[in-house]
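Here the structure comes first, spelled out in structure tokens, and everything after it is commentary.
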Amino acid sequence: MANLSIKDIQKSYGALKVLHGIDVELEDGGFLVLLGPSGCGKSTLLNIIAGLDEPSTGEISIADRSVTALPPKDRNIAMVFQSYALYPTMTVERNIGFGLEMRGVPEQQRKAEVRKAAEMLQIDHLLQRLPANLSGGQRQRVAMGRAIVRNPDLFLFDEPLSNLDAKLRVEMRTEIKRLHERLGTTIVYVTHDQIEAMTLATKVAVMKGGYVQQLADPRTIYERPANMFVAGFIGSPAMNFIRGKLVVEAGRSRFESEGVRVPVPVSGAAPGTRNCVLGVRPEEMKVTTADNAPIKGVIDVVEPTGPDTMVTVRVGDHSVVARAEPRFQGRRGDPVAFDVDPLSINLFDAETEERIVMGSVHQDA
Ligand SMILES: Nc1ncnc2c1ncn2[C@@H]1O[C@H](COP(=O)(O)OP(=O)(O)O)[C@@H](O)[C@H]1O
Ligand SMILES: [Mg+2]
């Protein structure tokens, strides 16, 4: 069992507090992505898990064993960084097997394990080459091979794809996912790329300013973001935010703003109005010709991308983006209306920016 437990990790550098009490539990075989903007504390947390940095307070356990006081070499982990740190004068084979060589693993066995890892990463035809004669993606595979042969309890990745060009990044992302599915090793992976988080993670910790903003599976993070920061960080184009009022009367609730009147499933709310923000994802805005459509506006820009067409719409004072059909026909200045599924929307408190928890659906004609 190589589960990971992070308990109340705090870290200060002098007067600067960079981690404010991080708690994360990751199951054996899980894939945790630490996601957040630059400087939010992702690498610091990863380095603390690795033992490269010491926490000010808190506890790290790997496979139900506290490792907080252990040096990196005794934690049975393997790290892959953004810079590959390969030995330039050694062949690919020797680079991958170097850790095994250091541990005194006999040559025969070492060669077999290196070959197995290299085959898995599709670099077995490159074993006799030097790093200088490899592409960026191939070097990254060598660095991953070196981690695999150590057969660790835990893989730690720090932005491993950020030096690669866009196409290669997508390929290597698939490679890492395949690797995780084959090996089943527990992984902690740092990135600022929300697509990597969505595609790879079983669990995402969205971080900002040294705090975990939300810890959940990718679907929950996408569909039910804990606050407006998380909502805005995940998804491209971003979730639309429309400021307005939540009106509760006669046991029914609706959101109102200029051009917007959406029934919302808020249960148990006291009658009255409160300022809030409607969050609706571009793909949840469905073009309609119905007269009583919940969202009405005027087309500003139409951008066909191929598989779909992005339509920017003025709704009251707001600029809203809808992901429409590829053959969407509207033009700038045309009126346009949208339907939204009340279950797909989110409401946020205008002051705290926290998500307002909704209950059963009420119909509001
Ligand atoms: N050794 C250090 N000394 C002082 N401040 C540091 C040190 N390492 C990181 N920091 C600060 O801690 C914060 C978090 O950094 P880091 O964990 O590298 O962020 P991320 O990986 O999310 O970009 C940043 O403000 C950074 O400047
Ligand atoms: Mg970093």
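The values are calculated or read from the model by the stated rules, or taken from the named source; none is laboratory data. Since we're looking at a predicted model, the values are computed, not measured. For neighbour counting, all protein chains shown are included, and Cβ atoms are generated from backbone atoms with ideal geometry for every residue, glycine included. For accessibility, only protein heavy atoms count, side chains too; no ligands or nucleic acids. Shrake-Rupley method; radii C 1.70, N 1.55, O 1.52, S 1.80 Å.
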What GluC sites (Glu not before Pro) in the range 181-282 are in a loop by DSSP, with at most 16 other Cβ atoms within 10 Å of the Cβ? E258
Provide, for q = 0.09, 0.17, 0.22 Å⁻¹, the log10 of I(q)/I(0) from a solvent-free Debye sum over equal Cα point scatterers in the range 240-362. -0.25, -0.82, -1.22
With the 8 Å Cα cutoff and a minimum separation of six or more residues, the range 176-219 has a relative contact order in percent of 27 percent
Cα axis of helix 107-120 to longest principal axis of the chain: angle in degrees, 0 to 90, nearest 10? 20 degrees
Low-density loop GluC sites (Glu not before Pro), the range 62-114, at most 10 other Cβ within 10 Å, DSSP non-H/G/I/E/B, are none
Tell me which lysines have Cα within less than 25 Å of K286's Cα, excluding those fewer than 8 residues away on the same chain? K245, K296
Put S344, S236, S267 in order of accessible area, largest first, 1.4 Å probe: what do you get? S236, S267, S344
Treating the beta-carbon of each Lys and Arg as +1 and of each Asp and Glu as -1, no other charges, what is the dipole magnitude of the range 240-362 about its Cα centre, to the nearest 20 debye? 180 debye
Rounded to two decimals, what ratio of Rg to Rh does the chain give with C-alpha atoms and a Kirkwood Rh? 1.07
Which value at 222 nm does the chain reach when only helices count, each DSSP H run of 4 or more adding -39,500 (n - 2.57), with the total divided by all residues and rounded to the nearest 500 deg cm²/dmol? -7000 deg cm²/dmol
In the chain the accessible area split gives carbon plus sulfur, as whole percent at 1.4 Å, a share of 49 percent
Report L200's accessible area, 1.4 Å probe, all protein chains in place, as a number in Å² to the nearest 10. 10 Å²
Taking the chain and dividing mean pair separation by its residue count, relative contact order in percent (alpha carbons under 8 Å, at least six apart): 15 percent
Taking placed amide H atoms and a strict 5 Å upper bound, the residues 5 or more places from I234 or on another chain that come that close are none
Candidate lysines - alpha carbon under 27 Å from K203, same-chain residues fewer than 8 apart omitted: K7, K11, K17, K42, K73, K167, K177
